[in-house]
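Only one structure is covered here, and it is reproduced in the block below.
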Amino acid sequence: MSTYFLTGGSGFIGGHLAEELTARGHNVRCLVRKTSNRELLESVGVQYVEGSLADFNVLAEAVEEVDYVVHLAGRTSAFKLDQLMAANRDGTFNLARACAQATSPPVHVVISSIAASGPTAHGTVRMEGASTAPVSNYGLSKRAGECAAQLFADRVPTTIVRPGIVFGPRNTEMLPVFKSVSNMNVHAIMGVAAPRISLIHVADLVEIIIRAAEHGQRLTADNLNSSGTGIYYGVCPEYPTYASMGKIMKHAINRGRGRLSFVPSPLSWTVGIIMECMARIRGQQLSVNLDKIREAHASSWACSTENLEHLGMIFPASLLERFAQTGTWYRENNWL
């Protein structure tokens, strides 16, 4: 039995991870804010630590006598780059520094994003050791967080997991896509040449995270750009285009043939600008913004699963089956 400390435990991935860890008999403590939704965490019996990534003293106390730290918390969008950096770079730095000062430094697993590595050329797969080239502010901030953790890799056993698009039960970000396919039988695509994408079902990602924590390779202080050691892409070994993803999803939820709606590139950028302006007026970020449009127009997001093979990772279901399972959950819980 081990003790895990999770940041972002009240989120989508964190909730699934906490469920699985407690089911395996591990002790779990989670960093939460006073306003965090704790309903799921309470049902699985985790220990709470109230605070934020800005509270170094809280973090330093929380990581004492734990075996593994899984860092999931962060921001996915913001109006300014420095807001993303404050959360994704500075928060990671504080946590890594707290781990380094612990009496016995725990393994630190940083959950980053494929956005940190950036896209790859058409027809290629981005390898774990390839040089990074983020195209969005979010990607830049997640890459900065990786670098912040790397600063302490000589004192803290550190591993990076870069998930692709994560979906599964309780996920709200992919829900609009499922709704469009299920309710209107339409799949909207930005631009004419839809990029290949990397996806992962949340149950598979949770398994990758646990394996990376307990058996994964660790970064060295100078290898983040020259070697893939200690870096794992949290993606399944299927790389559909965004267009073909819609077709797979339609088949998975028994919608048969449907329409693919292509949004011309100039129009998609216009939509992004309009949505960005609306969000600024409202003071609340929307799921469609200029950062997401930048990522949508990238050449390809296909990422390697080579290092996952070293973890002995076996995917128990195809992408089609995972979409079907997710659609069933949405329906059974009246989300569709």
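Scanning segment 79-101 for residues that are more than 15 Å from residue 54 (Cβ to Cβ) and surrounded by fewer than 22 Cβ atoms within 10 Å (Cβ to Cβ) returns 79, 80, 81, 100, 101.
Within segment 6-33, being assigned to a helix (DSSP H, G or I) and charged (D, E, K, R) holds for 19, 20. Looking only at segment 29-57, residues that are surrounded by fewer than 17 Cβ atoms within 10 Å (Cβ to Cβ) and among the β-branched types (Val, Ile, Thr) come to 2 in all. When 131, 104, 113, 198 are screened for being surrounded by fewer than 21 Cβ atoms within 10 Å (Cβ to Cβ) and at pLDDT 95 or above, only 104 passes. Number of residues in segment 237-249 that are over 13 Å from residue 195 (Cα atoms) and crowded, with 22+ Cβ neighbours inside 10 Å equals 1. Per this entry, residue 213 is counted among residues that are over 16 Å from residue 305 (Cα atoms) and at pLDDT 95 or above. The set of residues in segment 134-174 that are within 21 Å of residue 302 (Cα to Cα) and acidic (Asp, Glu) comprises 146, 173. Any idea which of (1) closer than 23 Å to residue 200 by Cα; (2) crowded, with 24+ Cβ neighbours inside 10 Å is the one residue 11 doesn't satisfy? Of everything listed in (1) closer than 23 Å to residue 200 by Cα; (2) crowded, with 24+ Cβ neighbours inside 10 Å, residue 11 misses just condition (2).
Only one of the numbered conditions (1) under 30 Å from residue 28 (Cα atoms); (2) at pLDDT below 85 is violated by residue 280, and that is (1).
Restricting segment 135-164 to residues that are small (Gly, Ala, Ser) and under 16 Å from residue 81 (Cα atoms) leaves a set whose member that is modelled with the lowest pLDDT is 136. Residue check: is residue 285 of a type outside the set (Gly, Ala, Ser) and at pLDDT 85 or above? It is false that residue 285 is of a type outside the set (Gly, Ala, Ser) and at pLDDT 85 or above. Read through the list (1) at pLDDT 95 or above; (2) of a type outside the set (D, E, K, R); (3) in contact with a helix residue (DSSP H, G or I) (Cβ under 8 Å, 6 or more places away or on another chain), then give the number of the only condition that residue 219 fails. Unmet for residue 219, out of (1) at pLDDT 95 or above; (2) of a type outside the set (D, E, K, R); (3) in contact with a helix residue (DSSP H, G or I) (Cβ under 8 Å, 6 or more places away or on another chain): (1).
Those helices (runs of 4 or more DSSP H) of segment 58-164 in which 1 or more residues are under 21 Å from residue 236 (Cβ atoms) occupy 114-117, 137-150. Of all residues in segment 19-32, those that are closer than 11 Å to residue 5 by Cα have Cβ atoms under 7 Å from Cβ atoms of residues that are surrounded by fewer than 18 Cβ atoms within 10 Å (Cβ to Cβ) and hydrophobic (A, V, I, L, M, F, W, C), 6 or more apart or on another chain, in 26/1; 27/1. Within segment 34-57, the set of residues being in a loop (DSSP other than H, G, I, E, B) and among the β-branched types (Val, Ile, Thr) comprises 35, 46.
The values are calculated or read from the model by the stated rules, or taken from the named source; none is laboratory data. Every value quoted in this text rests on a predicted model; they were computed, and no experiment measured them. Because the Cβ atoms are built from the backbone with ideal geometry, glycine has one as well, and the counts that use them run over all protein chains shown.
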